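The values are calculated or read from the model by the stated rules, or taken from the named source; none is laboratory data. Here the structure is a predicted model, which is why all the values come from computation and not from measurement. Glycine gets a Cβ as well: all are built from the backbone with ideal geometry, and neighbour counts include every protein chain shown.
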Amino acid sequence: MPVQDQFIQSEANKCIEWFGLDQFQPEKAVTSHFLPSSGLLFLRLIFVLYSGAVQWASVYWMASHFEFRHYFGYFTYLTFIGLHAYFVVTFYHHVRYLLSSRRPISFLCQWPMLNYLYVYLYHTVITFNLVTPIVYWGLLSSDFLSKGSDNDRMEWWLTPSVHGASMVMMLVDVFFNRMVVMTRMLLLVLLTVIIYLCLALVYYETEGWLVYSFMDLSQPIRAVMYYSGVFFLFVACFFFQKAIHLLRDFLFQVKAHRGKNKVMDESMLYGQKGLVTPMMDSGIASQITFVNSSSHHLPV
């Protein structure tokens, strides 16, 4: 069944239109260039189950160490909450899509603002889940690595999951879906980062607790360098993801073009065989006719 790629209902809001949120085509979220939709759903089922296990395990881990009050202060955990939310919401819409004769009814019939928020969530997820592993393993992992085997088993599982497996799951989903990255959404992604920095500042002012060491403002020059570098990393990761999406679509176009050429070559080949066969058949028929017609003139 061919993909329809219908647009969602637009609220005719200038801001929505400027960001391109009204250009969202729901079927791109639940179909793939390279997999059947049911195959993509199976992958997402695995991601939902694994990310859910990590999500609740991280809550238990922080609570058991009496640190849950700081849980929502960590950018890593907020990022993973967003990733898990994306997988759960997409899985729901994907199931509804397959149960509705492959029509994105659940997207098209819900409040348009929920679709806009879905697009916004997607852009934050694909960006933040690149930034988090890079920053952690590049700047913050020394304590975890120095402990080595002294780390708790739960920590050995959770740390690579929220700083590694998260990125792998996100990239796999990106490659197999058909979503489009809208360049102007970068502004909303950066706005989200600024809001998080304000949250981290609230933690610091109320508890004197600094979420990450590189966020220390007591050394202004060092802080400016770190903050500038991290913001540049967010921008770079956003455009890296845009390039990945374009590359994915380009690979599909190449595949489709080769498939089209192969079909044309085969049709031409079969066409040539079709032309030869009738000629041979007509030749044989003429010979048979000639023999039979000649036999009527032989003397008895």
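Selection of region 111-159 for residues being free of Cβ contacts under 8 Å to residues at least 40 places away in the same chain and either touching a His at 6+ places or on another chain (Cβ under 9 Å) or within 28 Å of residue 222 (Cα to Cα) (or both) yields 133, 137, 138, 141, 142, 143, 144, 145, 146, 147, 159.
Have a look at 219, 272 and point out the one that is surrounded by fewer than 12 Cβ atoms within 10 Å (Cβ to Cβ), at pLDDT below 80 and either out of contact with any Gly (no Cβ under 7 Å at 6 or more places or on another chain) or over 26 Å from residue 187 (Cβ atoms) (or both).
272
Annotation for region 173-184: at least one member residue is over 11 Å from the mean Cα position of the chain (by Cα) and in contact (Cβ under 8 Å) with a residue 60 or more places away in the chain.
Scanning region 6-28 for residues that are assigned to a loop (DSSP other than H, G, I, E, B) and either modelled with pLDDT of 90 or more or within 17 Å of the chain's Cα centre (by Cα) (or both) yields a count of 4. The number of residues in region 198-212 being within 13 Å of residue 75 (Cα to Cα) and either in contact (Cβ under 8 Å) with a residue 24 or more places away in the chain or in contact with a Lys or Arg (Cβ under 6 Å, 6 or more places away or on another chain) (or both) comes to 5.
What number of residues within region 85-100 are of a type in the set (Gly, Ala, Ser) and either crowded, with 16+ Cβ neighbours inside 10 Å or touching a residue at least 24 places away in the same chain (Cβ under 8 Å) (or both)?
So the answer is 1.
Counted as qualifying within region 110-210 are the helices (runs of 4 or more DSSP H) with 1 or more residues that are at pLDDT 90 or above, of a type in the set (A, V, I, L, M) and more than 28 Å from residue 226 (Cβ to Cβ), namely 112-135, 153-160, 166-176.
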